[in-house]
Amino acid sequence: MTKLTIVGGKEAKTQSKTKRRKRPFTGRQLAFIEGVVNGLSQTESYKQAYSTSKMSIGTIYSRAYDCRHHGQISDEINRRIEAREADKRLSRGSRYDLVISRLVEESDPTMREDTSAASRVAALRALGSVAMSDTAGADTGQSMFVERQSVTSEERSSEEVMAELQRRLATLDQ
């Protein structure tokens, strides 16, 4: 253990410099953390987590502030909020929105001058293929672009087909 001597004032004080070890959170601290992470104000979170019936509102505000800014509690709240935000960024709907906004940006020559005409056409085609999807990206089965193939068939008799085949075989022999 290292001893520090504070110089100043009327008398010198001696303090121990020790590292504080992290303690597990109490149930009330966890309830406070959950409240703040779930969007409650620090005061409301404190009221739900602790017994405040005999406290003045000023005391509640002060203790809620102290609790929110306590090192370990603050770190845990920030860690959980960041984790929640990361989950939101990775959710299907937000990825869908990101892709759509980037396709719109790519297809608009006023937003990006460095794109070629071919990449704008490709972006517009991709936008058209998802234009009929719902906002969560689920395919509704519809698209602005529909692949169409036309197949024409002729009704021919077997004699006509045989004559056609003999003509083609004759051209191969020559």
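The values are calculated or read from the model by the stated rules, or taken from the named source; none is laboratory data. Note that the structure is predicted; figures quoted are calculated from it, not measured. All Cβ positions, even for glycine, are placed from backbone atoms using ideal geometry, and neighbour counts span all protein chains on display.
Looking only at segment 120-174, count every residue that is outside any loop (DSSP other than H, G, I, E, B) and at pLDDT 70 or above and tell me the total.
In the first step, residues of segment 120-174 are kept if they are outside any loop (DSSP other than H, G, I, E, B); the result is 120-130, 158-173.
Then drop every residue that is not at pLDDT 70 or above, which leaves 120-129, 158-173.
Looking only at that region, the number is 26.
Taken residue by residue, segment 42-58 has no member that is touching a residue at least 40 places away in the same chain (Cβ under 8 Å), closer than 23 Å to residue 85 by Cβ and assigned by TED's automatic domain parsing to the domain that holds residue 83.
Only one of the numbered conditions (1) among the basic types (Lys, Arg); (2) in a helix (DSSP H, G or I); (3) surrounded by fewer than 14 Cβ atoms within 10 Å (Cβ to Cβ) is not met by residue 47, and that is (3). Within segment 71-86, which residues are more than 26 Å from the chain's Cα centre (by Cα) and in contact (Cβ under 8 Å) with a residue 40 or more places away in the chain? Hit for segment 71-86 is 72, nothing else.
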